[in-house]
Amino acid sequence: MKLSYWITTNKERKMKRFSFIITLVVLLIGAYTLMAADIMEKAKENAPEKLSEVSEAVQPRLQGRELVELGELKTVSGVLKTDEEEWFLETEEGLYEIHFGDHNYREKIGLKPEAGKKAEVIGFVYQQEGKKEIDIAACNMNFEGKEFRFRERDGTPLWQGEGALQEHHRRIESERMRQRKRD
């Protein structure tokens with residue numbers, strides 16, 4: 001082999017460098033395209049299947065205090081459903097999204113609803129325009145023979161203001177004591 005085979009000119013080096021860069025860019029674009037296709041496929045798989053996500057995309061979620069102001073006190077009965085984030089009550093009239101209020105308060109009173117079980121909810125009902133579910137800010141919920149209270153009938157949350165909350169906890173504790181005596 002001749003030495004001139006290994007010696008390249010400045011022009012040839014620039015061409016090789018340019019070819020290398022073009023090849024690299026083409027490979028990166030191909031990899032990006034494949035990643036984008038994979039991301040799109042995963043996005044389709046993870047499309048909002050949860051009732052609350054679909055509803056919130058259509059209408060902003062109302063808070064309990066807004067439902068108290070806008071809604072009408074009503075009693076509804078049906079079967080509990082969940083999408084793992086929100087609770088719903090399926091009735092003959094439609095699907096109600098239940099607004100229990102403060103999560104810590106729910107734990108404190110021992111509420112552990114189960115999907116598929118029957119329940120009765122008394123609360124402030126309001127149907128938002130364009131939203132499939134009917135909202136209900138729960139005052140009381142009767143579930144498996146137990147009554148759970150969340151709000152006074154005037155809409156005041158029991159987790160706000162120690163007086164109403166302490167009285168409610170006294171009632172729960174006395175009910176537990178009576179039940180222990182029976183058992």
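What about Ile122, is it in contact with a Cys (Cβ under 9 Å, 6 or more places away or on another chain), under 23 Å from Trp159 (Cα atoms), assigned to a strand (DSSP E or B) and hydrophobic (A, V, I, L, M, F, W, C)? Steps first, please.
Values: in contact with a Cys (Cβ under 9 Å, 6 or more places away or on another chain): yes; under 23 Å from Trp159 (Cα atoms): yes; assigned to a strand (DSSP E or B): yes; hydrophobic (A, V, I, L, M, F, W, C): yes.
Yes.
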When the stretch 70-115 is examined, which residues are found to be assigned to a helix (DSSP H, G or I) and either touching a strand residue (DSSP E or B) at 6+ places or on another chain (Cβ under 7 Å) or not assigned by TED's automatic domain parsing to the domain that holds Asn142 (or both)? Leu70, Ile109
Find the residue count for the stretch 110-158, including only residues that are buried (at least 19 other Cβ atoms within 10 Å of the Cβ), aromatic (Phe, Trp, Tyr) and within 19 Å of Arg171 (Cα to Cα). 2
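The values are calculated or read from the model by the stated rules, or taken from the named source; none is laboratory data. Quick caveat: nothing in here was measured; it's all calculated off a predicted structure. Note: ideal-geometry Cβ built from the backbone for every residue, glycine included; neighbour counts use all protein chains shown.
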